[in-house]
Amino acid sequence: MPSDSHVVALFDIDGTLVRTEGASPHSRAFKAAFRRVYGKECSFTVGMHGMTDLQIFTMLASDLQLDDGRHKELATEACRYMAEIYRVRDEADGRYVALPGVRETLETLRGRGVVLGLVTGNVPEIAQDKLLAVGLAGFFSFGAFGSEGDERTVLPPLAVSRAERLTGARVDPRLVFVVGDTPRDVACALDNGYRAVAVATGHVPPQELLKAGAELVLPDLTDAGPLLRLMESAEISPRPPR
């Protein structure tokens, strides 16, 4: 890849890089934090896939009419408690497993000079623990996280600004690839003028990811070839004068 360009790949974590086998320690900590802050039990639905932790706290509290007009303040407090509760392990907690091909693809991208970052609905502490558990933390030095936005669409620009500080160069939006497993991952890329790549390793079928507008849909990350070819074609496309 040309040395005068910075291709940036921003990865989701759950369902894209990592899956949970058994009971989710993240879900356990979330529910305990919800009880602590709002004084009620909560339950999850399939429609929450791709939402940020802050957004889910806010939505559930609003649905139960528990936010008392302080939705952002209370949700932020709940995120903080969740991270604290999460650190205390429970014997019923399941384990994290890297999804097929993830390590090899990340190694390939890094070897080609791609700048690797995160865009995840997880709070930073939980995101880091998941990546450490499967030996992937060393690939990522920046990202945007689920305690930083109550809509996922605000996260990619945060991550890109951090990539620019890291590299010391402006990032061309057409060279930013957001990789995730839900329509919300696709939307947060497209809403910001970035490229949307989806993997069908979560709970969403490929047809739905294509319908959401993903430019490329992969069954998993075992073959980095299609993603590399898409990145390379973006780099050689004519760019408007600055």
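Nothing in this text is a laboratory measurement; each read-out follows from the coordinates by a stated rule. A quick note: this is a predicted structure, and the numbers were derived from the prediction, not measured. Cβ sites come from the backbone with ideal geometry, for glycine too, and all protein chains shown count toward neighbours.
Could you tell me which GluC sites (Glu not before Pro) in segment 61-152 are loop residues by DSSP with no more than 15 other beta carbons within 10 angstrom of their beta carbon?
Sparse-neighbourhood loop GluC sites (Glu not before Pro): 91, 151.
Give me the Debye-computed log₁₀ of I(q)/I(0) at q = 0.16 Å⁻¹ for the chain, equal point scatterers on Cα only, no solvent, two decimals.
At q = 0.16 Å⁻¹ the computed log10 ratios are -1.14.
Work from the charge dipole of segment 22-87 (Cβ charges, +1 for Lys and Arg, -1 for Asp and Glu, about the Cα centre) and give the residue of 38, 22, 58 farthest towards its positive end.
About the Cα centre, the residue reaching furthest to the positive side is 22.
Output wanted: per-residue J couplings in Hz (rounded whole) for segment 206-211, from phi through Karplus 6.51 cos²θ - 1.76 cosθ + 1.60, θ = phi - 60°, x for Gly and Pro.
Going residue by residue, I get x, 4, 5, 5, 5, 4 Hz, with x marking Gly and Pro.
When the helices in the chain are scored as -39500 (n - 2.57) per DSSP H run of 4 or longer and the sum is shared across all residues, what 222 nm value do you end up with, to the nearest 500 deg cm²/dmol?
Calculated mean residue ellipticity at 222 nm is -13000 deg cm²/dmol.
Under a Cβ-only charge scheme (Lys and Arg +1, Asp and Glu -1), can you give me the dipole magnitude of segment 22-87 about the Cα centre, in debye to the nearest 20?
Magnitude of the dipole: close to 220 debye.
On each of the three principal axes of the Cα atoms of segment 22-87, give max minus min coordinate, whole Å, ordered largest first.
Largest to smallest, the principal-axis extents are 35, 26, 18 Å.
About the Cα centre of segment 152-242, what is the dipole size in debye to 20, counting +1 per Lys and Arg Cβ and -1 per Asp and Glu Cβ, all else neutral?
Computed about the Cα centre, the dipole is about 440 debye.
State log₁₀ I(q)/I(0) for segment 176-221 at q = 0.23, 0.32 Å⁻¹ as given by the Debye formula over alpha-carbon point scatterers of equal weight, solvent excluded.
Each listed q maps to, in turn, -0.62, -1.17.
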